[in-house]
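The values are calculated or read from the model by the stated rules, or taken from the named source; none is laboratory data. Nothing here was measured: the structure is a model prediction, and the numbers come from that model. Neighbour counts run over all protein chains shown; Cβ positions are idealised from the backbone, glycine included. We work out accessible area using only protein heavy atoms, side chains counted, and drop any ligands, DNA or RNA first. Shrake-Rupley method; radii C 1.70, N 1.55, O 1.52, S 1.80 Å.
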Amino acid sequence: MLRKQQIIFGFLIAAGIALIASAALVNSGNQPDTALSVPGVEGLIPERDDEVLQQQRVGIDLEPGYRLVEMTISANARCTRPVEVTQHVRRVEGLQQFIYQPAPGLPVEALAPDQNCVNVTIEKISLPGRFSEIEWVFTVN
């Protein structure tokens, strides 16, 4: 009986190790968003291909030394018919985030159902006149 318990215990330990190893392999396959290779961009809000609600805030997280030049939101995946929202973007001090919150009376009162596209132009402060652009799409439920 003791031998049988030892075999079962050994099997459970081996199964646990296999599960941990497979979880590590699955997690290592998650590569960062290639769009974030744009110099100056640390994150997208919401992230590419996220599913969000109509009142979701939209924005970008920039590295220090960069500034937002322009932000537009389009009610389709191809970024056609963009709506300029730059004047209504709020800068979150200390985090270098630039956020647009849809609300009544603003250019985009609510995000459109289905796919939305955001296009952001940024500039490195130390290199005026040299702009970078990033575009991403997310879905509204």
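Counting other Cβ atoms within 10 Å, keep those with at most 11, restrict to DSSP loop, and tell me which trypsin sites (Lys or Arg not before Pro) in segment 89-141 are left.
ARG130
Considering only protein heavy atoms and a 1.4 Å probe, what is the carbon-and-sulfur percentage of the accessible area of segment 34-108?
Roughly 50 percent of what the probe reaches on segment 34-108 is carbon or sulfur.
Which value, in Å² rounded to 10, gives the accessible area of ASP49 with a 1.4 Å probe and all protein chains present?
110
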